[in-house]
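Please read the structure below before turning to the comments.
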Amino acid sequence: KKRILSMYQCTGTFTLGNYLGALRNHIKLQDEGYQCVYALADLHALTVRQVPAELRRYTKEAYAWLLAMGLDTEKTVFFIQSQVPQHSQLAWLLNCYTQFGELSRMTQFKDKSAKHADNINAGLFTYPCLMAADILLYQADFVPVGADQKQHVEIARDIAERFNGIYGDTFTVPEPLIPKHGARVMSLQNPLSKMSKSDENQNGNISVLDDPDTILRKFKRAKTDSGSEVRFAEGKEGVNNLMNIYAAVTGKTMEEIEREFEGKGYGDFKPAVAEAVISELRPIQERYHELLADKEFLEKTYREQAPRAAALAQRTLSKVMRKVGLVS
Ligand code: TYM
């Protein structure tokens, strides 16, 4: 079976961007003949200052959310990154095989260091090495991600190829998998920047836990343009984003959407997008609240998953340690 790996930061409630660009597609893969390995990247979360109690709460909530979406831990390994020490161990080794120059070119580092100028820590800089460790430990063939993570998967490929070049075949060189619709869900308030948990303007992002009224209100207020036609075109970034969301949720093509709203305006289109999102999220939200209430089950599940992941990860780590000359 081909192996798939992906991870998610748990620094807040997932956004519609995480959901459409990643989570929803990833969970489907467990029934499509892949061995899936998924995790919550709580170590990555520490590259930006977190409130400890909140990070812990968000981590458990994120875990419950993926289970509510139908992630089946009988089929898929699903753990919390910090509970599998091999990630930190391999990350250190990979640090020594990654160049200062290539890390300096990462656009996410440039963006984040501009945004958090008071805390440009070494972890923020070497973040891609930890992410490469996440991927390479499991010998992943494919790494499904939204478009914003493509560059990080590419550096993981470069690191794998470099290491294999020096020491012989060690790592599977992973391929990114990027969805057609939903790969880049933009802020509803600023359609030129991606929808993100950390957006200061909360009207710009839809959280997967937002209630129907909030979702409807946010879509109604979404920035569009002075026109009124529902058409996918250059210069109509706001409308394009809404069409992208509608396409991802309903499975319709852009042409079908244009036909559906022909002769109608944004006043009809925006609530239709909201309704589609609301009915998509509602059943998951219900299961989520049930799961979250069962603290014992949740804790038992993630504690059982960590050793499963560690067993897989250790095979790769031992191989790497031997190759680079560490005593076993
Ligand atoms: P993170 O936590 O920012 O996002 C998790 C997943 O959601 C996707 N995503 C989006 N997709 C479409 N539109 C958006 N607005 C949007 N925002 C986020 C991301 O592309 C991602 O797939 N570094 C990673 C986490 C990570 C990881 C890994 C991923 C750590 N180790 C190993 C893959 C493999 C991150 O911060 O994603």
Legend entry - Estimated FRET transfer efficiency (SER88, ASN201; beta-carbon r; R0 25 Å; 0.05): 0.10
Legend entry - Computed label-point distance, nm, for sites GLU296 and SER279 using a 7 Å Cα→Cβ extension: 3.9 nm
Inset, instruction - Set the Förster distance to 45 Å, then compute FRET efficiency between ASN121 and ARG231 from the Cβ-Cβ distance, nearest 0.05. - result: 0.50
Legend entry - Distance between modelled label sites at ARG303 and GLU102, nm, 7 Å Cα→Cβ extension: 4.0 nm
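What Kirkwood Rh does the chain have if only Cα atoms enter the pairwise 1/r average? Answer in Å.
20.9 Å
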Inset, instruction - May I ask you to derive the relative contact order of the chain, considering only C-alpha pairs under 8 Å and at least 6 residues apart, and to give it as an integer percent? - result: 22 percent
Inset, instruction - Could you sort 318-326, 240-248, 272-280 so that the peptide with the highest average Cβ count within 10 Å comes first and the rest follow in order? - result: 240-248, 272-280, 318-326
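Which entries of LYS218/LYS300; LYS295/LYS323; LYS28/LYS270; LYS1/LYS300; LYS223/LYS295; LYS2/LYS115 have Cα-Cα distances beyond 31 Å here?
LYS218/LYS300; LYS295/LYS323; LYS223/LYS295; LYS2/LYS115
Using helices alone, what [θ] at 222 nm do you get for the chain, with -39,500 (n - 2.57) per DSSP H run of 4 or more residues, divided over all residues and rounded to the nearest 500?
That comes out to -17000 deg cm²/dmol.
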Legend entry - Cα-based Rg and Dmax for region 202-290, where Dmax is the largest Cα-Cα distance (Å): 13.3, 44
Legend entry - region 258-309 versus region 162-197: alpha-carbon centroid distance in Å: 22 Å
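Every read-out reported here was derived from the displayed coordinates using simple, explicitly stated rules and does not represent laboratory data. In this text the structure is predicted, and so the values were computed from the model without any measurement. Virtual Cβ from ideal backbone geometry, glycine too; neighbours counted across all protein chains shown.
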